Amino acid sequence: MSRTTLDLWVGLFVAIGIAALLFLSMKVGNLSAGSFATTYAVEAEFDNIGGLKVRAPVKSAGVVVGRVADIHFDTQTYRAVVVLSMNDGFEFPKDTIASILTSGLLGEQYIGLDAGGDLKMLKDGDRIRITQSAVVLEKLIGQFLFNKASETPAGGTQ
């Protein structure tokens, strides 16, 4: 094998390796285009979104049915408004409940949808009315410590 042929094969191998690393980093970072399916936008307001990020999955029964498209703050209601980009293949009733959940103990946060029983379906531009904010671990620990500190000792007077 000549030197130029060997250099060509090494260069091709290195280019494929770099492309594979780029693809994996996009997948891990949740930045890949994913699919070219058509979507519709639905909004939901939350008191606290915790660590929810744009491109976080929207799941129902463990199946990814959309992604978080945008997060902004409403200065009128002082709440976070999350725009969900839902895949057209999935329809949900108007009384669907949106919750911010965490996968695992300290994993990534995502939006979980629990379908309601309404006959009318959500469509582009609608707002999910029933939401449950993220559980913030620091607040739970703080409340637990505050409650423990306010308890009276076992043998003390009241």
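Considering every residue within segment 40-55, establish whether at least one is open to solvent by 70 Å² or more (accessible area, probe 1.4 Å), within 12 Å of the chain's Cα centre (by Cα) and either closer than 15 Å to S133 by Cα or free of Cβ contacts under 8 Å to residues at least 12 places away in the same chain (or both). Yes. One residue alone among I111, I71, I16 is in contact (Cβ under 8 Å) with a residue 24 or more places away in the chain and of a type in the set (V, I, T), and that residue is I111. Flag set for V14, criterion: outside any loop (DSSP other than H, G, I, E, B), farther than 30 Å from K139 by Cα and out of contact with any Phe, Trp or Tyr (no Cβ under 7 Å at 6 or more places or on another chain).
Listed conditions (1) exposed (fewer than 14 other Cβ atoms within 10 Å of the Cβ); (2) over 14 Å from the mean Cα position of the chain (by Cα) are all met by T96, apart from (1).
Just one residue in the set R55, R67 is within 29 Å of K27 (Cα to Cα), in contact with a Lys or Arg (Cβ under 6 Å, 6 or more places away or on another chain) and in a loop (DSSP other than H, G, I, E, B); that residue is R55. For segment 115-158, the set of residues classified as modelled with pLDDT under 85, open to solvent by 80 Å² or more (accessible area, probe 1.4 Å), within 25 Å of A44 (Cβ to Cβ) and in a loop (DSSP other than H, G, I, E, B) consists of V135 only.
The values are calculated or read from the model by the stated rules, or taken from the named source; none is laboratory data. Just so we're clear, the structure is a prediction, and the values are computed from it rather than from any experiment. Counting neighbours? That spans all protein chains shown, and the Cβs are built from the backbone with ideal geometry, glycine included. Side chains included, ligands, DNA and RNA excluded: accessible areas come from the protein's heavy atoms. Shrake-Rupley method; radii C 1.70, N 1.55, O 1.52, S 1.80 Å.
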